[in-house]
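K.L.:
Quick one: the structure is below, and I'll ask about it shortly.
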Amino acid sequence: MAIHDAKPAGNGGTYVPFDQRDGGTSVVFFTRDLSAEGLRKAFAKVADKLDGKVAIKLHTGEQHGPNIIPREWVAELVDQDLPEATIIETNTYYVGDRDTTEKHLKTLEVNGWTFCPVDITDDEGYVELPVEGGKWFDTMAVGSHLPAYDSMLTLTHFKGHAMGGFGGSNKNIGIGCASGKEGKKWIHAQTHDNGQSWGGQWSVAQEELMEKITESTKATIDHFGEKVVYVNVMRNMSVSCDCEGVAAAPVVTPNVGILASLDICAIDTACVDLVYAMTNAGLVHNHDLVERIETRHGLRQLEYMHELGMGNWKYQLIDLDNGEVEISAADAVAGVVPFEG
């Protein structure tokens, strides 16, 4: 690891419309079917990139968290499509239900993640993966078990986040694969080259935090190359992350659907666009989530992924429910109904 003398860009609180983005386009598949069948339908569009020993990077949540992806959906996906796969996690930086492996394993049991193996990848320490082109890091500390896997499904509950603005595939990997006591500290605390943090445990925020999360993600996805795929579930989208468990803020954002892509930047950008598109569809129920994203400067995640060559922030949204035709974000949310709790 090295912390460089870098300055973050300053536009993470400003939404960039689709027609003002540069670069190429990637494909993002979309279904409104929020069920195990819908999850399998979306996953099928990217499944052929996975082989060998498959990891499923999933945010399994604090105990009794109400908004995590339903266990029965994931269980059916594993049973029918990935019978040899392993869910992977890392211990948390904060003190809670998952900051040690012993507590983490208990939480997994409480939350019902018992239908397939679960690997706490930093249980035996960490390894450092290179961060190519990073301005904050040269390497990132990830769980030492991570390199044992050949390919990875990033299965993400898209929602808000207290520090990141939103949690999509980028945060799921950037924070979720970073080792609990090393990588996560490097991301969240201002750190000298000798590894000592300063400015407080949570001293990094806004653009700098978004860029550090993204560089951490880059280390992992560069390691897997073309053998990492992304599925985002837009359901029960509180402004709070699943790391807040039962203390999460109430859900007021409408449910949308499930997305899948081979491009991490495209899928997270599409999810953000779908949230913003609710305004044009006459749904004001996105207000809290939009406010959370903008006040935390979470939009910097998207542009920085694009700048680092991690993917495109322009995309074709393909409707799996109606003949695989291209649709706009506004079309996708046209039938969304307000969340009623």
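K.L.:
So which residues in region 1-54 are more than 29 Å from GLY183 (Cβ to Cβ), loosely packed, with under 13 Cβ neighbours inside 10 Å and of a type in the set (Gly, Ala, Ser), if there are any at all?
P.N.:
The answer is GLY24, and nothing else.
K.L.:
Sticking with this one: Test HIS297 against the stated conditions and say whether it is part of a helix (DSSP H, G or I) and farther than 20 Å from LEU39 by Cβ.
P.N.:
The answer is no for HIS297.
K.L.:
Same structure, new question: Can you tell me which residues in region 106-127 are in a loop (DSSP other than H, G, I, E, B) and either in contact with a Cys (Cβ under 7 Å, 6 or more places away or on another chain) or without any contact (Cβ under 8 Å) to a residue 12 or more places away in the chain (or both)?
P.N.:
Correct list: THR114 only.
K.L.:
Given the condition within 17 Å of ILE69 (Cβ to Cβ), of a type in the set (Gly, Ala, Ser) and within 16 Å of the chain's Cα centre (by Cα), answer yes or no: does some residue in region 203-226 qualify?
P.N.:
Scanning region 203-226, I find no residue that is within 17 Å of ILE69 (Cβ to Cβ), of a type in the set (Gly, Ala, Ser) and within 16 Å of the chain's Cα centre (by Cα), so the answer is no.
K.L.:
Might you check whether a residue that is among the aliphatic types (A, V, I, L, M), surrounded by fewer than 24 Cβ atoms within 10 Å (Cβ to Cβ) and closer than 22 Å to LYS45 by Cβ occurs anywhere in region 303-314?
P.N.:
Yes: one or more hits.
Conditions tested, residue by residue: (1) closer than 25 Å to ALA36 by Cα; (2) assigned to a strand (DSSP E or B).
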| residue | (1), (2) |
| --- | --- |
| ALA260 | yes, yes |
| VAL272 | yes, no |
| ARG292 | no, no |
| HIS306 | no, no |
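K.L.:
A further question on this structure: Out of the residues in region 297-336 that are over 23 Å from GLY165 (Cα atoms) and β-branched (Val, Ile, Thr), which is nearest to the chain's Cα centre (by Cα)?
P.N.:
Selected residue: ILE318.
K.L.:
Name, by its number, the condition in (1) modelled with pLDDT of 90 or more; (2) touching a Pro at 6+ places or on another chain (Cβ under 7 Å) that does not hold for VAL246.
P.N.:
(1)
K.L.:
Under 17 Å from the mean Cα position of the chain (by Cα), in a loop (DSSP other than H, G, I, E, B) and either within 28 Å of VAL290 (Cα to Cα) or at pLDDT below 95 (or both) - does that describe any residue in region 136-158?
P.N.:
Yes, because at least one residue in region 136-158 is under 17 Å from the mean Cα position of the chain (by Cα), in a loop (DSSP other than H, G, I, E, B) and either within 28 Å of VAL290 (Cα to Cα) or at pLDDT below 95 (or both).
K.L.:
Next question. Quick test for you: out of ILE68, ILE3, pick the one residue that is within 17 Å of the chain's Cα centre (by Cα) and either within 30 Å of VAL110 (Cβ to Cβ) or modelled with pLDDT under 95 (or both).
P.N.:
It is ILE68.
K.L.:
Related question: Suppose the filter is out of contact with any Leu (no Cβ under 7 Å at 6 or more places or on another chain), farther than 30 Å from LYS41 by Cβ and not acidic (Asp, Glu); does GLY133 pass it?
P.N.:
Criteria not met by GLY133.
K.L.:
Give me a count of the residues in region 84-105 that are without any contact (Cβ under 8 Å) to a residue 12 or more places away in the chain and part of a loop (DSSP other than H, G, I, E, B).
P.N.:
Going through region 84-105 one residue at a time, the tally reaches 2.
K.L.:
Hey, another quick one. Among GLY245, GLY225, which is closer than 20 Å to GLY176 by Cα, without any contact (Cβ under 8 Å) to a residue 24 or more places away in the chain and not aliphatic (A, V, I, L, M)?
P.N.:
Result: GLY225 is the single residue among GLY245, GLY225 that is closer than 20 Å to GLY176 by Cα, without any contact (Cβ under 8 Å) to a residue 24 or more places away in the chain and not aliphatic (A, V, I, L, M).
K.L.:
Can you find, within region 160-187, the residue that is modelled with the lowest pLDDT among those that are assigned to a strand (DSSP E or B) and out of contact with any His (no Cβ under 9 Å at 6 or more places or on another chain)?
P.N.:
Selected residue: HIS161.
K.L.:
I would also like to ask the following. Sort through SER169, SER179, SER144 and tell me the only one that's of a type in the set (S, T, N, Q), buried (at least 24 other Cβ atoms within 10 Å of the Cβ) and touching a Gly at 6+ places or on another chain (Cβ under 6 Å).
P.N.:
The conditions single out SER179.
K.L.:
Confirm whether GLN80 is surrounded by fewer than 21 Cβ atoms within 10 Å (Cβ to Cβ) and either among the small types (Gly, Ala, Ser) or more than 22 Å from VAL272 (Cα to Cα) (or both).
P.N.:
Answer is yes for this residue.
K.L.:
Exactly one condition in (1) more than 18 Å from THR214 (Cβ to Cβ); (2) modelled with pLDDT of 95 or more; (3) of a type in the set (Val, Ile, Thr) is not met by VAL284; state its number.
P.N.:
Exception for VAL284: condition (2).
The values are calculated or read from the model by the stated rules, or taken from the named source; none is laboratory data. Here the structure is a predicted model, which is why all the values come from computation and not from measurement. Note: ideal-geometry Cβ built from the backbone for every residue, glycine included; neighbour counts use all protein chains shown.
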